[in-house]
Amino acid sequence: MKGTEAFQELIPLLGNEPVVHANGYICRESFSLKDREANFYMIGSMGLASSIGLGVALCKPEQKVIVLDGDGNVLMAMGTLAMIAAEAPKNLVHVVIDNEVYESTGKQRSISNAVPLEQVAKSAGYRQALRVDKREDIKPAFEKLMNSDGPSFLLIKVDPCFDPKTGRVTHTPEEITARFMNSIRH
Ligand SMILES: Cc1ncc(C[n+]2csc(CCOP(=O)(O)OP(=O)(O)O)c2C)c(N)n1
Ligand SMILES: [Mg+2]
């Protein structure tokens, strides 16, 4: 499955949940497919989408909160997996698009081919951790995690394929913050 197909499958499954996006193509692909007020786009600050998602999840315990992450981002901030497991927000769903490369900066290899990130998450203490590598498996896996207690981890294995022509997020960081905060205010 191509990375783009994973987004095409995943984005239509979203309701009004806050979604905190890792930087680079993760943001750009999601933004290009469907911009949402409840999308928080990291512009830089690699590795920290999961920390922000944890904070949002702890503040909004009655609402599912999604982190849309990349393998390189997770590897950069692996300690956050332990923090999420220790805080154990039932409402956090951590989705990782794993293409085994730092695609946004030129497809340099990451080490997620050798380190199964869903097993790291499970060992750290996430309540559930699933791995899928077929497009048709995304929907049932995501819905299962959205309908049960977390913290949950969904690793989606994909082939690198993002198109450098995919647009960039056009909102300023201030706009992203303001509309995201407005969307989660109630
Ligand atoms: C601290 C820091 N280091 C490096 C970068 C440059 N950078 C931006 S996106 C990215 C790759 C992210 O990799 P991954 O999470 O696997 O997402 P992919 O690009 O593969 O979709 C890198 C290295 C950055 N923005 N911040
Ligand atoms: Mg990657």
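The values are calculated or read from the model by the stated rules, or taken from the named source; none is laboratory data. Worth saying up front: this structure is predicted, and the values here are computed from it rather than measured. Heads up, the Cβs are rebuilt from the backbone with ideal geometry, glycines too, and the neighbour counts pull from every protein chain shown.
Observations, loosely collected:
- Of all the criteria given as (1) in contact with a strand residue (DSSP E or B) (Cβ under 9 Å, 6 or more places away or on another chain); (2) away from ligand 1 (no atom under 13 Å from the Cβ); (3) assigned to a loop (DSSP other than H, G, I, E, B), the one not satisfied by Ala114 is (1).
- Among residues of the range 95-113, those that are aliphatic (A, V, I, L, M), buried (at least 18 other Cβ atoms within 10 Å of the Cβ) and farther than 20 Å from Ala57 by Cβ, counted: 1
- A count restricted to the range 38-48 and to residues that are surrounded by 15 or more Cβ atoms within 10 Å (Cβ to Cβ), in a loop (DSSP other than H, G, I, E, B) and either among the β-branched types (Val, Ile, Thr) or more than 13 Å from ligand 1 (Cβ to nearest atom) (or both) stands at 1.
- From the options Leu92, Leu68, residue that is crowded, with 23+ Cβ neighbours inside 10 Å, touching a His at 6+ places or on another chain (Cβ under 7 Å) and not aromatic (Phe, Trp, Tyr): Leu68
- Yes/no for Thr80 being closer than 25 Å to Lys144 by Cα, within 14 Å of ligand 2 (Cβ to nearest atom), in contact with a helix residue (DSSP H, G or I) (Cβ under 7 Å, 6 or more places away or on another chain) and in a helix (DSSP H, G or I): no
- Residue check, Pro164 exposed (fewer than 13 other Cβ atoms within 10 Å of the Cβ), out of contact with any Leu (no Cβ under 7 Å at 6 or more places or on another chain) and closer than 17 Å to Glu9 by Cβ: no
- Selection status of Asn99, over 19 Å from Ile43 (Cα atoms) and more than 11 Å from ligand 1 (Cβ to nearest atom): no
- Residue within the range 126-144 that is under 17 Å from Val20 (Cα atoms), buried (at least 21 other Cβ atoms within 10 Å of the Cβ) and either aromatic (Phe, Trp, Tyr) or at pLDDT below 95 (or both) present: yes
- Residue within the range 49-56 that is under 15 Å from Ala77 (Cα atoms), of a type outside the set (Phe, Trp, Tyr), within 16 Å of ligand 2 (Cβ to nearest atom) and crowded, with 20+ Cβ neighbours inside 10 Å present: yes
- Options Lys60, Lys107, Lys64: the member that is touching a helix residue (DSSP H, G or I) at 6+ places or on another chain (Cβ under 8 Å) and basic (Lys, Arg): Lys64
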